[in-house]
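The values are calculated or read from the model by the stated rules, or taken from the named source; none is laboratory data. It should be emphasised that the depicted structure is a prediction, and the values quoted were computed from it without experimental measurement. Neighbour counts run over all protein chains shown; Cβ positions are idealised from the backbone, glycine included. Areas reflect the complete protein model, heavy atoms only, side chains present, ligands, DNA and RNA absent. Shrake-Rupley method; radii C 1.70, N 1.55, O 1.52, S 1.80 Å.
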Amino acid sequence: EYILKSPLVLKPVFDFAKEEYIKRNNKAKLLSYKSWQKNSLDIEFEEGTQILNISFKDESKELIIDTLNLIKNKYQAYSKRDRENKLKNAINFLESQQKILEEKSTQSLFALNKFSIKNGLGDIDGFVSLSKENDQINNLFLENANQFNIKIPNSRNFASKEKAGQ
């Protein structure tokens, strides 16, 4: 209700109505926004609902219809702009969170690889495979190995045992 009553929405409507009044009467040049809103316009919610009643008083049926349509259009434009601003803010927030989480992910992967090297885990170079392609290849290999009951040791430990056996 307050948004709809605000000059942000109603000032262009007032300007339109004032021009129409001036065409009919020169005294309308002295009309102020506040007096127009107070005397010609009534905006309020129906009690207990979210239905907004808007009434505009004038002698001309055409001016009433045009004014009410203009109020509707201006409010819809404001509402659309408000929704778009909220969406833009949400997108900006999510993009900033993505950057923060990518950095945290990189730090976590670094810590994981450091831990893997220290504790002899992962591939022979000590790094854990993190790419999806490698994971898919490894999973396919493991599925085939399991199908034929082949035991696959940790590649780092396997390489160490091979060297020790030579």
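Would you check if F56 is open to solvent by 50 Å² or more (accessible area, probe 1.4 Å) and touching a Leu at 6+ places or on another chain (Cβ under 8 Å)?
Against the criterion (open to solvent by 50 Å² or more (accessible area, probe 1.4 Å) and touching a Leu at 6+ places or on another chain (Cβ under 8 Å)), F56 does not qualify.
Tell me yes or no: at least one residue of the stretch 35-57 is of a type in the set (K, R), outside any helix (DSSP H, G or I) and over 39 Å from the mean Cα position of the chain (by Cα).
Yes - at least one qualifying residue is present in the stretch 35-57.
May I ask you to list the residues in the stretch 8-23 that are in contact (Cβ under 8 Å) with a residue 12 or more places away in the chain, open to solvent by 60 Å² or more (accessible area, probe 1.4 Å) and among the basic types (K, R)?
K11
Among the listed residues I51, I91, I43, I64, which satisfies the condition of being within 30 Å of F16 (Cα to Cα), at pLDDT 90 or above and either loosely packed, with under 10 Cβ neighbours inside 10 Å or among the hydrophobic types (A, V, I, L, M, F, W, C) (or both)?
I64
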